[in-house]
Amino acid sequence: MGPPTEQSAELCVADLLIQEGMRWNRRKIQPVLPEYEEQILSLKPSLTGVSDKLIWLSTKSGDYSVKYGYYVAVESDVQIAGADTEFDWSKNVWKLDCAPKVKLFSWKLLKGALPVGERLIERHIEVDPTCKRCGCNESIIHLLFQCQFAQKETLSSAIRLAREWNKDSKSETSGQIRNRRVELPTPNGATIVRSDAAWSGNGNVAGLGWIIIDPTQHKEFQRRMEYIASPLMAEGLALREAVLTCLELGLRNIKMKSDSAQLIKCLNTGEHVAELHNVLSDILLLSSGLVPVSFAWLLREKNVEADTLAKCALNVVEPLLVGETVIAPN
């Protein structure tokens, strides 16, 4: 945004936080970084003061590897060469719902890495650069779109491969249904806590809902939050709110449940997700005061109550919170 002012030249991130680093100070953000206000507010600070971590922005986990460093370097070269910088390789090629060999072929095609005559000559390889079928110059464009023989062969191959993929996909789906995860039984005497979130990309708002169930009580809580960057972040915040509520109520022997398989996997295996670094660290540290405590995945259809609370919190127009949470009637 240009040279910093005298007042902002020495500012650190901590200077934009209040309440001992737990919340952003919008009055300080707006005059210094107004264009990035929404992005900054979407970063959720830790409530427990978790240590900072170096994040590699090009991976979802935030961890660096030579492979991803290479990808970034290659993409930079392509952009410098004037290629379409808006094309998302990961989204449009590697995440296609098709056979891996088709993804690899598509990547080679878009990178100009197919060994056609024209490309081999450019690499100083002595070959005949003409098409073996029609005698024209063998370029990638000619191979896929201009050669009449290739057009017929490509069509028949596409039909065959599509049939193979359709058949394999059906088999894989059937296997997934057979291997569907089963909700684990609840230990006797444990307090069940179920959380869920409803997220709207239109405005990046989320509704959080969580319920506490034991033989003596059934309490429901909900909260609406703004500047939530993703559904996964919303799920993490819902579970963190549930942990905080359990601590406030002095509960122990907790079985935390969520229908977000990725969130539960991160908590149980230590898998990293860069955007959830603070939230996951908070959940694990705070839940140490609830021992024994465990985190388990449950079917979405068994989490209807928390889901309903979350959706109500998301869609409500008037303020619904008193002291940030509300206990709904049974």
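Every number in this text was worked out from the coordinates using simple rules, so none of it is lab data. These figures come from a predicted structure and were not determined experimentally. Ideal geometry is used to build each Cβ from the backbone, glycine not excepted, and the neighbour counts take in all protein chains shown.
Amide H of VAL205: which non-local residues (sequence gap of 5 or more, or other chain) have their own amide H closer than 5 Å, using H built in the peptide plane?
SER200, ILE228
Residues with beta-carbon under 14 Å from that of ASP307, excluding ASP307: net charge, scoring Lys, Arg +1 and Asp, Glu -1?
Its environment carries a net charge of -1.
Among SER260, SER195, SER288, which comes first, second and so on when ranked by fewest other beta-carbon atoms within 10 Å?
Ranking SER260, SER195, SER288 by Cβ neighbours within 10 Å, fewest first, gives SER288, SER260, SER195.
Dipole of the stretch 1-74, Cα-centred, from +1 at each Lys and Arg C-beta and -1 at each Asp and Glu C-beta, to the nearest 20 debye?
320 debye
May I ask you to order 93-101, 111-119, 234-242 by the average number of other C-beta atoms within 10 Å around their residues, highest value first?
Top to bottom by mean Cβ count within 10 Å: 234-242, 111-119, 93-101.
What number comes out for the charge environment of CYS136, summing +1 per Lys or Arg and -1 per Asp or Glu over other residues with Cβ under 13 Å away?
-1
Quick one: net charge of GLU271's neighbours, Cβ under 11 Å, K/R +1, D/E -1?
+1
Take THR245, THR216, THR5 and order them by how many other Cβ atoms sit within 10 Å, fewest up front.
THR216, THR5, THR245
Once the Cα atoms of the stretch 1-41 are picked out, what are the Rg and Dmax in Å?
10.2, 30
Between ILE192 and VAL66, what length in nm is gained on full extension when 0.36 nm per residue of separation is reduced by their alpha carbon distance?
41.0 nm
What distance in nm separates the simple spin-label points at LEU161 and LYS132, each placed 7 Å from Cα in the Cβ direction?
The two pseudo-label positions are separated by 1.8 nm.
Taking the number of other C-beta atoms within 10 Å as the exposure measure, put HIS277, HIS272 in order starting with the fewest.
The fewest-first ordering by Cβ neighbours comes to HIS272, HIS277.
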